Amino acid sequence: MGSNDFFTVAYKILSYLKYCYEHGEQPDPGVINERTLLISKAQYVETLRMLSDHNYIEGVTFTHTKEGVLYSFQDARITIEGLEYLAENSMMQKAFRIFKSFKEWLKTVTRW
């Protein structure tokens with residue numbers, strides 16, 4: 001499982017939103033985005049869209065323009081379904097073990 005596959009990227013996004021929920025913080029688009037995840041903008045937007053379509057996150061908006069898709073992550077939040085997905089999905093648990101801990105990854109992006 002690579003660091004840019006869907007399950008790893010989804011895990012990082014959901015884990016960050018879970019952290020924000022647990023600490024009463026608004027998500028910072030500068031902390032988790034295509035650059036910090038080392039993926040393309042297209043992959044990031046599509047991952048957000050899939051997580052939103054499956055009700056794992058809410059509050060993300062998408063606007064289609066001639067230049068491409070614009071998105072707003074600032075009001076994103078994890079849902080009960082997203083929390084359950086993190087807790088129950090064995091692929092997410094495997095990704096967590098492979099990358100040791102989400103906190104270690106996030107420390108490389110920003111001060112926690």
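Solvent-accessible surface (1.4 Å probe) assigned to Asp75 amounts to roughly 90 Å². Multiplying the residue separation of His23 and Glu88 by 0.36 nm and subtracting their alpha-carbon distance yields 21.2 nm. Estimated from the Cβ-Cβ distance and a Förster radius of 22 angstrom, the FRET efficiency linking Glu34 and Glu81 is about 0.40.
A straight Cα-to-Cα reach below 18 Å connects Lys107 with the aspartates and glutamates Glu22, Glu25, Asp28, Glu34, residues fewer than 8 places away in its own chain not being considered. For Lys41, give me every one of the aspartates and glutamates with a C-alpha distance below 16 angstrom, ignoring sequence neighbours fewer than eight places off in its own chain. Excluding near neighbours in sequence, the set is Asp5, Glu67.
The values are calculated or read from the model by the stated rules, or taken from the named source; none is laboratory data. Every value quoted in this text rests on a predicted model; they were computed, and no experiment measured them. All Cβ positions, even for glycine, are placed from backbone atoms using ideal geometry, and neighbour counts span all protein chains on display. Remember, those area values only see protein heavy atoms, side chains included, never the ligands or the DNA or RNA. Shrake-Rupley method; radii C 1.70, N 1.55, O 1.52, S 1.80 Å.
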